[in-house]
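One structure is given below, encoded as structure tokens.
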Amino acid sequence: MAASPSTARAINDRLALRLLQQEGPLTAGQLKTLTGLSRPTVADLVERLQDSGLVRVVGETGDRRRGPNARLYGIVADRAHLAALDVRTHSVSVVVADLLGETLAEAVLPIGSDTATEAAVERAVALLERTAGKAGTVPLHSVGIGAPGLVDPVTGELRDTSGLPAWHRRLVAALQERLPATVLVENETNLAALAEQRLGAARGQDTFVLLWLGHGVGAAVVLDGKLRRGASGGAGEIGFLPVPGTSRLPSAVACDGGFHTLAGSAGVTELAERYGISAVPAPQEPPSAALVRTAVGAVGGASPDEVRSAAAFLDDLADRLALGAAAVSAVLDPGRIVLAGEAGHAGGEALAVRVEDRLAAMSPLRTEVRAGALGGAAVLRGALLTARDAAQDVLFAPHEESRRSVL
């Protein structure tokens, strides 16, 4: 059945807006070529989108030809403002951006473990308000939040998870209550996978697993283009995976004894000490990331003794990581595993190649291993992408609906 004229217009408008968002400013002629629409149809949709306040003329082409240059149309970036938060155990990071994802302001706030719950919440909320104020972007349209722990797949709420600060859950609720904005929360590892898929080491991959290596460990599962959260939101809790090489099994309330013991920052730090490797981490950085980065650098050009120690450390670490990667490969056959997080990014190709070699010897399933391209910034980037998608779902709807939306 053919689409109605209004439905066809809505589809064309959304297509044009997506192209302008992805490709940057375009002329009407370029929109005609990319969409396959007729010249009159493109002219009509450009007029509609200008009337709705979503598109404006941002310049002209520099083509040398007779007559006036063609106008360049672009999305009105300040039509909506977005924010993203990366909530860690002892800190919160904030970035405020426009509709095209251009960063307008950013900030980081350490929050000590001795800070009372309500005080921690107020500090985090105030940080977001100050950052948005500096960018001149109040009110915000959409806010994306990345946090450790489980997100209920039915309610979309951050669940009360043992071992994590109480202010995490309270912060999400406070922002939802106090902001006239859409507030979305997602597990931090899942957001990192979104960012790596759109911008990094998993670009173009519909099926892959991201292995997060930071203070703790986690995994995000993307199958056939869809993020898989599991029945309770716990898909990817790989820290609880029982593996050889530990002194005991994990329990229902603690992942000590599981894969976390081998690949978490504390375990990697202990391993590095055996090989005499030391490093000073950057602020808010897991110690494991600095140690892995130091080892990779030493392999590339230190004294013979340092090269041997660093290479042995990376080999031993790769053995550990391959245990988790082999379990993932055997169950999911993802085709690609991305070593993400600060430590995965620090390991780069040197660590990824080692893990891939060991995985090839352990599993009959061909699995590429790649180093994450975004490091610790992946969570914040993923949260911003989530906020932008939410805003675009509203703003890129038929312009009649957009006019009824409250920004």
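The values are calculated or read from the model by the stated rules, or taken from the named source; none is laboratory data. Just so we're clear, the structure is a prediction, and the values are computed from it rather than from any experiment. Note: ideal-geometry Cβ built from the backbone for every residue, glycine included; neighbour counts use all protein chains shown. Areas reflect the complete protein model, heavy atoms only, side chains present, ligands, DNA and RNA absent. Shrake-Rupley method; radii C 1.70, N 1.55, O 1.52, S 1.80 Å.
Here are a few things to note about the model shown:
- Of all accessible heavy-atom area on region 201-373, the percent that carbon and sulfur account for (1.4 Å): 54
- Helix 5-23 vs. the chain, principal-axis angle (Cα, 0 to 90°, nearest 10): 50
- Seen against the Cα atoms of the chain and their longest principal axis, helix 287-299 is set at about 80 degrees.
- For R159, the residues whose modelled amide H falls within less than 5 Å of its own, excluding neighbours fewer than 5 places apart on the same chain, are L150, V151, D152.
- Dimensionless Rg/Rh of region 36-173 - Kirkwood Rh, Rg from C-alpha atoms: 1.18
- Cβ-Cβ FRET estimate between A360 and S303, R0 fixed at 30 Å, reported to 0.05: 0.45
- Rounded to whole numbers, the Karplus 3J(HN,Hα) couplings from phi for region 265-279 are 4, 5, x, 5, 4, 4, 5, 4, 4, 4, 9, x, 9, 9, 6 Hz, using 6.51 cos²θ - 1.76 cosθ + 1.60 with θ = phi - 60°, and x at Gly and Pro.
- Relative to the dominant Cα principal axis of the chain, helix 117-135 is inclined by about 40°.
- For region 305-319, Karplus couplings with θ = phi - 60° (6.51, -1.76, 1.60), whole Hz, Gly/Pro x: 5, 5, 4, 5, 5, 5, 5, 5, 4, 5, 5, 5, 5, 4, 4
- Dipole of the chain, positive end: most advanced residue of S278, A387, P40 [Cβ charges, Cα centre]: P40
- Rg ratio (alpha-carbon, reference 2.2 N^0.38 Å) - region 5-76: 1.06
- Taking every DSSP bridge with both residues inside the chain, close to 60 percent are antiparallel.
- Long-range HN-HN contacts of V58 with modeled amide H, under 5 Å: L72, Y73, G74
- A 1.4 Å probe run over region 224-327, with the rest of the protein chains in place, finds 49 Å² accessible per residue.
- ³J(HN,Hα), Karplus 6.51/-1.76/1.60, whole Hz, each residue of region 208-216, x for Gly, Pro: 6, 10, 9, 9, 8, 10, x, 4, x
- For region 201-247, the direction-averaged projected area of the alpha-carbon convex hull comes to 4.5 nm².
- Treating r as the C-beta distance of V394 and K134 and R0 as 25 Å, the FRET efficiency rounds to 0.50.
- Label-point separation in nm, R123 to H90, each point 7 Å along Cα→Cβ: 1.2
- For a modelled paramagnetic label at V57, 7 Å from Cα along Cα-to-Cβ, the residues of region 24-42 in reach, with backbone nitrogen under 17 Å, are 25-31.
- At R0 = 56 Å, FRET efficiency that the Cβ-Cβ distance of R248 and T103 yields, to 0.05: 0.80
- Rounded to two decimals, the Cα radius of gyration of region 201-373 over 2.2 N^0.38 Å is 0.99.
- Placed amide H near A201: partners under 5 Å, 5+ positions off or other chain: A373, L374
- Across the alpha-carbon set of the chain, the Rg to Rh ratio works out to 1.03, Rh being the Kirkwood radius.
- Globularity index of region 167-238, i.e. its alpha-carbon radius of gyration over 2.2 N^0.38 Å: 1.25
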